[in-house]
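Asks: Have a look at this one before I ask anything.
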Amino acid sequence: FENLKNEYRVIVLDDECLYSYKKEKPVIIGDGKKTINEYLNELKIEKPDQNLNLEYVPKQGEKVELNWKFNLSGGAFPMKIDDKKTKLEVEKIALLASKAINIRFASVDIVETIDGKFKVMEVNATVCMNKFSKMFENGYQIAKEIYKKALIKCFE
C-alpha cells in the first residue's frame, strides 16, 4: 500500500481527455452530538469498509475519515481540479497510459502519493459515470456528452 494524498479520474477517448476530476475521500467533522452512524444515514453513505465504531460520537471539530478509499460508491465526492498544473499532469499521464495499452475509450485513475508523485492506479475499459452524473453539478449533462462522443466514434 502507498500513502495517498489524492486520486483523480480522467476520461479518455482516442488522443483526447474528455473530462477529469478529483475524488475527495469522505470525511465528517464532529459536532459532539451525533454518532458516526447518524452522519452516514444523514449523508446517505453506505457503511464504510474500514472498521469504525459506528456508535462513536466525534468531538466538536474532530475530523473522522469514513473510508480509506476514494471510491464514489463509498462516499467520496467528485470535485473540480482547481490546480491547472495538476490537471495537465494527470491528463498527460492518462493519455500515455491509454496509449501504452492501446485502448481508445477508458477512465484512467491516477493517484498522487504523499511525496507528490503521480502514478497510474488502473485503466478501466468500462467507463461508468453513474455516481458522478448524480453527484456533480451538471454531471448528467457532462456524462451524456462523453457517451455521445464515444458512440459517434464507434460509427466513424
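The values are calculated or read from the model by the stated rules, or taken from the named source; none is laboratory data. Note that this is a predicted model, so its numbers are computed, not measured. Cβ: placed from backbone, ideal geometry, glycine included. Neighbour counts: every protein chain shown. Surface areas here come from the heavy atoms of the whole protein model, side chains and all, with no ligands, DNA or RNA. Shrake-Rupley method; radii C 1.70, N 1.55, O 1.52, S 1.80 Å.
Asks: In the set 114, 101, 93, 110, which member is of a type outside the set (D, E, K, R), touching a strand residue (DSSP E or B) at 6+ places or on another chain (Cβ under 7 Å), loosely packed, with under 13 Cβ neighbours inside 10 Å and closer than 22 Å to residue 24 by Cβ?
Replies: Values: 101 fails: closer than 22 Å to residue 24 by Cβ; 93 fails: loosely packed, with under 13 Cβ neighbours inside 10 Å; 110 fails: loosely packed, with under 13 Cβ neighbours inside 10 Å.
Result of the check over 114, 101, 93, 110: 114.
Asks: For segment 24-52, name all the residues that are in a loop (DSSP other than H, G, I, E, B) and closer than 25 Å to residue 6 by Cα.
Replies: Result: 25, 26, 30, 44, 45, 46, 47, 48, 49, 50, 51, 52.
Asks: Turning to a different aspect of this structure: If the Cβ limit is 6 Å and pairs must be 6+ apart or interchain, which residue in segment 82-108 that is of a type in the set (Phe, Trp, Tyr) pairs with which residue that is in a strand (DSSP E or B)?
Replies: Correct list of pairs: 105/13.
Asks: Need pairs with beta-carbon distance below 8 Å; first residue under 14 Å from residue 75 (Cβ atoms) and touching a residue at least 12 places away in the same chain (Cβ under 8 Å) and within segment 130-141, second open to solvent by less than 90 Å² (accessible area, probe 1.4 Å) and part of a helix (DSSP H, G or I); sequence gap 6+ or separate chains.
Replies: Taking only residues 6 or more apart or on different chains, the pairs are 131/72; 131/73; 132/72; 132/139; 132/142; 132/143; 135/72.
Asks: Could you count how many residues in segment 8-22 are outside any loop (DSSP other than H, G, I, E, B) and modelled with pLDDT under 95?
Replies: If we filter segment 8-22 for residues that are outside any loop (DSSP other than H, G, I, E, B), which is where we start, we get 8-13, 16-22.
With the extra rule that they be modelled with pLDDT under 95, the set shrinks to none.
The qualifying residues number 0.
Asks: Exactly one condition in (1) without any contact (Cβ under 8 Å) to a residue 60 or more places away in the chain; (2) closer than 25 Å to residue 120 by Cβ; (3) part of a loop (DSSP other than H, G, I, E, B) is not met by residue 2; state its number.
Replies: Every condition holds for residue 2 apart from (1).
Asks: If you scan segment 48-83, which residues turn out to be open to solvent by less than 100 Å² (accessible area, probe 1.4 Å), in contact with a strand residue (DSSP E or B) (Cβ under 9 Å, 6 or more places away or on another chain) and of a type in the set (A, V, I, L, M, F, W, C)?
Replies: Correct list: 52, 64, 66, 70, 72, 76, 77, 79, 81.
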